[in-house]
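First the structure, in the form of structure tokens, and then the observations on it.
The values are calculated or read from the model by the stated rules, or taken from the named source; none is laboratory data. On a predicted model such as this, the values are computed, not experimentally measured, just so you know. As a convention, Cβ positions derive from the backbone with ideal geometry for all residues, glycine included, and neighbour counts pool all protein chains shown.
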Amino acid sequence: MKLSFLLALPTTLLTLLTPTLASPEYNEHLHLIPLSNEYLYAGFNFTSTTSQSAYRANNYRYFPRSLGQILQYSRASELHLRFALGRWDEETWGARPRHGRREGGTGVELWAWIDAEGGTEAVEERWSALVNSLSGLFCASLNFIDGTKTIRPVLSFDSEGTSRSTAGSKQLLLHGTLANEVVCTENLTPFLKLLPCKGKAGISSLLDGHKVFDANWQTMSIDVRPICPASDAECMIEVQQTADVVLDLERSMRPRDDPIPRPQPIAEIECDEGKHYHGGDTCYPKRKQGAKRWSLSKVFGSPVIGSCHLSERNDGEAEEKWDISLEVPSEHIVEASAMQDSLTSDDQIRLYRLSESRTQRSDLSLPHQYESGSRLRPQPALYATRQITGHGQERGGMHAVLRNPHPYAQQIIYLETLPWFLRPYMHTLKVNHRFNSTEDKSARPVDVFLEKIFYTPAIDRSRATKVEVMFTIPPESTVELTYDFEKAVLRYTEYPPDANRGFDIAAAVIRVLGSIKGLGREGDSYIRTTSLLLPLPTPDFSMPYNVIILTSTVIALGFGSIFNLLVRRFVLVEEIPKGPLAGLVARVKVGLGKLRGGKGEWAEGAGGAGGAGGAGGAGSANRAHEDAAADGEARRAGQTGVNGRVGEGKDGLTNVERKDR
Amino acid sequence: MGWTRRWIIIAFWVVVACLGLPYWIWTTSIHRSHLPLGMMNSWAEGKACQMSYPLHIRLSAPDLGEQAGSLLAEGVMRRMNELTDLQLYTFKLSYNDSLPTSTERDWDLLVLLSEEQNTNPEASLRSWAPVLDVRYDPNSDTNTLATFISQEVRTVFEYEHESLTYLLNDTPYATGKDTTSSLEGKTRLDARTTRAFKYASMYHLTFSLFTSSASPSSWDVDEALNKYITPLLQPLSKISKFTINTQVQLHASFSPSIAGPMHDATSGKWLLQKTDLSGFVNAAEWPLSPSIGAGPTINFVLYVPSVEQSPLEIAETGGTSWLVPQWGGVQILNPSDMQSATLSAGDLEQVMLTFADHLTALVGLPPSPQSLALRLSSLTRERATSLILSASSTLGALARLTLKLTSISIPDSVAKSVDETIARLDQACLDLREGRFDSALSNARIANDEAERAFFEPSMVGQVYFPDEHKVAVYVPLLGPMAVPLVMAALKELRKLRAAKLKSA
């Protein structure tokens, strides 16, 4: 019981299990867990609800109007949007917060249930309207989620909402990912704008782009779902916004005006006096023991400003109205300023409530603790990694490793969205397992029985590949999933500006079914692998112009020679008529020779060499001689031939060609 | 022997001229659909349509006889059509004894005469229906009565005529004579047109409550809207459709670009400078994004200052509301009970009435005459006119553009849109001349939409980036080296031919 309580974050559990609240309601909550002494996990949670009638009538109060209008326009009944950055370090940080249900793969991930009325085309149009308007709302490139990035998962996602289904209304689930989107401050600002207090009061005042995007891991999520109570009470629409970050304490506590790490002044360093060389002038710094000292205002750059208590408080149900919860061992000292605090019954979680004053600045600070504060974090359901194998520009392979550390078997669903230019060979899909304890690496791995496979092949340039596999991982064993693929060659215009960087392949989504017993569907947890970078063969991008020039030259050359062969007359060098230019050149040469005086020999020598060349060229023109002689003009050409040789004797061939006038 | 060579060269030239060049031109040419440029220009120059507005006025007098009534109607009609300052209109008066019962009406104004002893004739407009009530003394002269009625009807349509003339002014459709009375009237009409939104068939109304602190955080907006706004939207929906959405936004702060309210110690009030009004709406932070879907969004902002900064007023005038042209209206509310978390419908009454006032100005409803129905039909005529004007000027611009930029392509869709525009314009003009103003408006709207679509066709713009110079640059490496031997050979051969001819001669 204790474990399950710790695993499930209080608000998530609360809102998931008790969804009925009569009036428009808003609450927010921040959960803090120091992880392994150096990292701090902070999970922000903002939930607002509105009644379905007000939503339909477009009367918005705490539910953001911009989002509501988008959902109504695109007729989406349930929406899940994720922005993620960084990697969750499972080895040291343990299980993922909120069972991984509120995080996405690197980049942007979006899935929504859309009214299926009007057939596939209408749904696709609504989906496109949805991604385009969300793109504008969140300043993200969501509009690039087109058909090539959209899939329709069957097993991986279940609707979180409970809608009272009317006859004939069918919802269609569409899922799109954008792995190459870099999540940044411009996405956080619209995220905060959706909140009623807009980051001006309450815990949202801690969310500052400088700190959030400096984190080792961060994810933002927006989830909209309808909640219909079992009774005849009115349905509600709930929007839950979460922002989870893992901050490096040392890094985030650097002063903003001086972010360069510097050595501490010697007076502040604690020396290890146990060292034999310790003396008055030497100091061996003592390794810091226990948990680091930190406070909210230092980690987030500012204290909490005021509070955002909007719901009318009924005195009868005043419990569970806290803003901040902190998970530290009970013996730790925590100094809270301007906050009411209380402890949960099992002394594990401290709860704080911000004061009602609008301008009050509240802070939490933990002094340096000598007792090692890190409690054992719960183990994740699975450890998952994924790589691309192989070499070369043509083929490759996908290799995913899933390790089950638990002594019980787990049923999972493995979902992959592959772009069309990565073509998997599904016949090479192999899933086999090996027990973790097996020492002998040469032992043959055992094939895993695949319970279900849903596979949608890609269509070039219009549809993505979807692979959805369901199988069971035996206890304490490692499953390897491999398949080969082929890389497609893209068209010249399809490459992005940074083509040599490679193409991002979206994270695989792993759904672990019901690892926590007794919670049913809600007990499922999700794990996402890191996204991959696929190098594709990239062409030389100046190619088209080179091709134009080269082909033009070749064609012109070919045409020119054939044309000249056909229409030109070939005659002997001796028959070349004297052109007007030839006399000029000869005179200049003679002049030059006179000028140089003693070097007159040179001019003659050059002329002689030219003559030899001319004679050689004339040999090839001999065949044409008969033609030329018959023409009657040949005699005239012959008379002037000697002069022409002196004048133009640079290249025999040119001579021959020039003679045909 | 010389002829073999000539034949070869001629053959080359024939292939190049008859096959090569046409093929090259055909493969690199831009598709330009045929546009009816003449028609487009005639619309742009105002030759295709003569604006005139026939108005049908019905006279009804239960106490007057059939004959006397018809006589009176004729007298009024003659006087009306003789008026020189309402020359855009042609009046048609008919007399009918029976009071109209059916909801369908075929008149623009009903003049209802009733007898009243020993009074000077007096007239009043009903505020909702297009009815002019005239009370007269049964003993009075018919001529005087006719003059009186024509004067009254004239005042009803005077303002509309002025604004129609203003619309037509400076366009090719102008009737030649500038009848706009005064500079003052012109500025007034100028202000009205700049304030109002461009006509759209759908407007989105967004009512937002901005609170500078965390309370009040809710308002009884549904009830207030039903009470004060919906009754106005109902008649307006004949011209445009409206959607309504509302939102509440807390912690709304002023933009840093304005000075903000100053405390005035003498009156104990916070005063907002007039220069700050334009920057009052913090566009960067207040979520006033336009609604999705076709049509513009009209914003109505209700701002509740914090307890520390109230009461908040505009300096000098002491007002609390203002209108932002072509955007919406802003109202500051200093509630009597600052601590209350909810604004009731009663609190919102004054606010909603102000917003209703803003709304009429923003959709362009003329301020006079008094009757809403008359104002609406007057708006219909004005909108239809301005849409026809704008569609025809767009057509003219498109015609000039296609003539000027010879390298842009004209897809078939543009030609289709232009044809549709012209057909709709013709229809709208005909409707206008025959007094079917509603139909004229809808046709003019479609015409305008089509004209805009044709003008802003995205595929036309793309071609501009591949001008002829670019084409030459790409093809010169191919065509240049090929053309030189061809031309040289031809020249040489020609020269030889001439020499041979001279020799033989």
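Residue B:300 falls short on exactly one of the conditions (1) assigned to a strand (DSSP E or B); (2) over 26 Å from residue A:139 (Cα atoms), and that condition is (2). Screening residue B:222 with (1) within 14 Å of chain A (Cβ to nearest Cβ); (2) closer than 21 Å to residue B:198 by Cβ; (3) free of Cβ contacts under 8 Å to residues at least 40 places away in the same chain; (4) not β-branched (Val, Ile, Thr) gives one miss only, at (2).
A count restricted to segment B:468-496 and to residues that are exposed (fewer than 14 other Cβ atoms within 10 Å of the Cβ), at pLDDT 80 or above and either of a type outside the set (A, V, I, L, M) or not in a helix (DSSP H, G or I) (or both) stands at 2. Identify all residues within segment B:219-228 that are surrounded by fewer than 21 Cβ atoms within 10 Å (Cβ to Cβ) and touching a strand residue (DSSP E or B) at 6+ places or on another chain (Cβ under 9 Å); write none if there are none. Result: B:220, B:222. A residue that is more than 13 Å from every other protein chain (Cβ to nearest Cβ), outside any helix (DSSP H, G or I), aliphatic (A, V, I, L, M) and under 38 Å from the mean Cα position of the chain (by Cα) cannot be found anywhere in segment B:418-440.
Among the strands (runs of 3 or more DSSP E) lying completely within segment A:15-129, list those that include at least 2 residues that are β-branched (Val, Ile, Thr). Before the answer, list the steps.
Details: elements: A:25-35, A:39-51, A:76-86, A:107-115.
By residue number, A:39-51, A:107-115.
Of all residue pairs spaced 6 or more apart or on separate chains, those with beta-carbon atoms under 7 Å, a first member in segment B:287-316 that is within 16 Å of residue B:329 (Cβ to Cβ) and a second member that is among the charged types (D, E, K, R) and surrounded by fewer than 17 Cβ atoms within 10 Å (Cβ to Cβ) are B:314/B:274.
Do the conditions hold for residue A:61, that is, is it more than 30 Å from residue A:290 (Cβ to Cβ) and modelled with pLDDT under 90? Yes; evaluated as a whole, the condition is true for this residue. Flag: residue B:340 matches the condition of being in contact with a Pro (Cβ under 8 Å, 6 or more places away or on another chain) and surrounded by fewer than 21 Cβ atoms within 10 Å (Cβ to Cβ).
Taken as a whole, segment A:117-124 holds at least one residue that is surrounded by 20 or more Cβ atoms within 10 Å (Cβ to Cβ) and either more than 14 Å from chain B (Cβ to nearest Cβ) or without any contact (Cβ under 8 Å) to a residue 24 or more places away in the chain (or both).
Those helices (runs of 4 or more DSSP H) of segment B:1-57 in which 3 or more residues are within 14 Å of another protein chain (Cβ to nearest Cβ) and loosely packed, with under 15 Cβ neighbours inside 10 Å occupy B:2-15.
Candidates are the residues of segment A:30-62 that are more than 29 Å from the chain's Cα centre (by Cα) and not polar (S, T, N, Q); the one that is surrounded by the most Cβ atoms within 10 Å (Cβ to Cβ) is A:61.
Which of the residues that make up segment A:196-250 are assigned to a strand (DSSP E or B) and at positive phi?
Kept after step one, since they are assigned to a strand (DSSP E or B), are these residues of segment A:196-250: A:202, A:217-227, A:236-248.
Listed by number, the list holds a single entry, A:202.
For every residue, the table says whether it meets (1) more than 11 Å from chain A (Cβ to nearest Cβ); (2) touching a residue at least 12 places away in the same chain (Cβ under 8 Å); (3) in contact with a His (Cβ under 6 Å, 6 or more places away or on another chain).
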site	(1), (2), (3)
B:201	yes, yes, no
B:247	no, yes, no
B:253	no, yes, no
B:261	yes, yes, no
B:267	yes, no, no
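Please work out which one of (1) within 13 Å of chain A (Cβ to nearest Cβ); (2) crowded, with 21+ Cβ neighbours inside 10 Å is the condition residue B:300 fails and give its number. Here residue B:300 meets the rest and fails (1). One residue stands out in segment A:376-404 among those that are outside any strand (DSSP E or B) and surrounded by 15 or more Cβ atoms within 10 Å (Cβ to Cβ): the one that is modelled with the lowest pLDDT, namely A:377. Among the residues of segment A:192-239, write down those that are closer than 22 Å to residue A:51 by Cα and in contact with a Phe, Trp or Tyr (Cβ under 7 Å, 6 or more places away or on another chain). Within segment A:192-239, A:195, A:196, A:237, A:239 qualify.
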